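Student: Take a look at this one; I'll ask things after.
Bear in mind these aren't lab numbers, they're just calculated from the coordinates by the rules spelled out. Everything numeric here is computed off the predicted structure, so don't read it as measured data. Here the Cβ positions follow ideal geometry from the backbone for every residue, glycine too, while neighbour counts run over all protein chains shown.
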Amino acid sequence: RTFADIGRRMLDTLMLKQQRISSSDSVLGPVSGARRPTYRELIKNAFQPRLWNATQQVSLGGAPYTQMEANFPLFFGLAIQLYESTLISDQAPLDAYLQGDHTAMNGQQVQGMNLFLGKGKCVSCHGGAELTNAGSRLLFHPRERIERMVMADNLTTLYDNGFYNTGVRPTSEDLALGGTDAWGNPLSFTREYNTLLQGGQIPDPLEVDVCTFEVPLSPAIPCDATLKPKVGFRDSVDGAFKTPTLRNIALTGPYFHNGSRATLQQVMEFYNRGGDRRGEDASNTSGFEHPAVNQHNGSNLDPDMTQLNLTPDEVDALVKFMEVGLTDPRVAWERAPFDHPSLVLPQGEKGDENSVGQKPASPKITTRQAQDADIQLRPVGAEGRTRLEGPLLPFNNDL
């Protein structure tokens, strides 16, 4: 189904028809007890008529749709984007501490913060207010989307700012940023830049300021902004993953792109030993032979992936800083604006390892389907979770 098909099905459906809404919901409270509007009504109230009131049909894939159905992905995407922009988590103990309240974190957490900024090297990738180098800052400084640095094998390379190979698993298992989209275009800005330097066409507008590079193209001062890297330069995007924010990190396990760590303690043990790559600095499992893009790298490992020599007490301090110091209590307690309607989450099927329950037969479905085992999340209003319920707990508490 296309998004237009989903729009056709949903437009005249009542909003959140199968979900309950708290009467004190910070956004949806006014419609919690009354007749709820349809998605068609919501779109008409929120978007300019020129986006939905055309009388002629729109052809998509040879099939006719109304303008509102055809623009449904636009409405869907913008609505989610604008809602998510209200979910600003900026009231963690760290925020209060940095604003002058030195009682907001205890001594162990402050020690963890100092290790985060120093010996632990965490801030090298988790920088800025969002605690990620891949934060929205790059939207306002698009010429810094590409960076240049000396890698763990002491060779200089270009890469996408905020995306790093930390040796979680061999790059051969997942190229990550080194892959391509459905049309064969590189996922990486760095590789698009290489194509641009060779005179090719790229799908994304791209402008690079070589004078912002950590490792300059030339030692001359002032920097010569007209310089360009050599065509076919080395990159380090194979196996590189986006650096996540660490805000509320205690509540977002399991960790790493493959979910291989259940606790922040395990995460810090991973970094303390310098990651899990196998081999020498110049030739290890973070490297990848990628002739299609003329990359023949024995290593793509981030240069900060070295043994940290943290003591057990220092590891504990870093963990406590992340668990407590970076958790916004409004998120943990689901208080406004982090409250929500009820939600049904399927978690496997009803039954056991030998057999599962089946849904009743339906004339619309010729194959029998297993019955979903559902988790019901209750609606939470602006006041958040009750004291009896307690705050949200880390992922590993359910193991």
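Student: Would you list 150, 27 from fewest to most Cβ contacts within 10 Å?
Tutor: 150, 27
Student: Going by the alpha-carbon gyration tensor, a ≥ b ≥ c the square roots of its eigenvalues, is region 121-309 rounded (a/c under 1.5) or, if a/c is not under 1.5, prolate (a/b greater than b/c) versus oblate?
Tutor: prolate
Student: Taking C-beta distances below 4.7 angstrom as the pairing criterion, name the unpartnered cysteines of the chain, in sequence order.
Tutor: 122, 125
Student: Give me D for region 3-84 in µm² s⁻¹, whole number, from Stokes-Einstein with Rh from the Kirkwood sum over alpha-carbon pairs, 20 °C and 1.002 mPa s.
Tutor: 155
Student: Additional query: Which of 32, 283 comes first, and how do the rest follow, when ranked by fewest Cβ neighbours within 10 Å?
Tutor: If I rank by nearby Cβ atoms, fewest first, I get 283, 32.
Student: Restricting attention to region 159-246, which trypsin sites (Lys or Arg not before Pro) occupy a DSSP loop and are surrounded by at most 16 other Cβ atoms within 10 Å?
Tutor: Passing both the DSSP loop test and the Cβ count: 230.
Student: Take the Cβ-Cβ distance between residue 370 and residue 114 as r, set R0 to 56 Å, and report the resulting FRET efficiency rounded to the nearest 0.05.
Tutor: With a Förster radius of 56 Å, E is 0.60.
Student: About its Cα centre, what dipole magnitude does region 47-146 give when the only charges are +1 on Lys and Arg Cβ and -1 on Asp and Glu Cβ, stated in debye to the nearest 20?
Tutor: That gives region 47-146 a dipole magnitude of about 360 debye.
Student: Got a sec? How would 249, 221, 375 order by Cβ neighbour count within 10 Å, fewest to most?
Tutor: By the 10 Å Cβ count, ascending, the order reads 221, 375, 249.
Student: Gain in length, residue 223 to residue 172, computed as 0.36 nm per residue apart minus the alpha-carbon separation, to one decimal in nm?
Tutor: Extending this stretch completely gives an extra 14.6 nm.
Student: Also: Take the Cα gyration tensor of region 242-344, multiply each eigenvalue by 5, square-root it, and list the three semi-axes largest first, rounded to whole angstrom.
Tutor: Values for region 242-344, descending: 33, 20, 10 Å.
Student: Now, a different point. Check cross-link reach from residue 350 to the lysines: straight Cα distance under 28 Å, and skip same-chain residues fewer than eight apart.
Tutor: Within the straight-line cut-off, residue 350 pairs with 17, 359, 364.
Student: Which order do the peptides 164-172, 130-138, 56-64, 177-185 come out in when sorted by mean C-beta neighbours inside 10 angstrom, highest first?
Tutor: 164-172, 130-138, 177-185, 56-64
Student: At a Cα cut-off below 20 Å, give the lysines reachable from residue 320, other chains included and same-chain residues fewer than 8 away excluded.
Tutor: The reachable lysines, counting only those whose Cα sits under 20 Å from residue 320, are 119, 121.
Student: Can you tell me the equivalent ellipsoid semi-axes for the chain? Use √(5λ) from the Cα gyration tensor, largest first, whole Å.
Tutor: With the √(5λ) rule applied to the chain, the semi-axes are 40, 31, 24 Å.
Student: Given the options 253, 48, 227, identify the residue whose Cα lies farthest towards the positive end of the charge dipole of the chain (+1 on Cβ of Lys, Arg; -1 on Cβ of Asp, Glu).
Tutor: Final value for the positive-end residue is 48.
Student: Would you compute, for the Cα atoms of region 29-142, the largest minus smallest coordinate along each principal axis and list the three values in descending order, in whole Å?
Tutor: That gives 65, 40, 19 Å along the principal axes, largest extent first.
Student: Hey, got the dipole for the chain? About the Cα centre, +1 on K and R Cβ, -1 on D and E Cβ, debye to the nearest 20?
Tutor: 1460
Student: Could I ask something else about it? Note down the net charge around residue 47, summing +1 for each Lys or Arg and -1 for each Asp or Glu among other residues with Cβ under 13 Å from its Cβ.
Tutor: Result for the local shell: +2.
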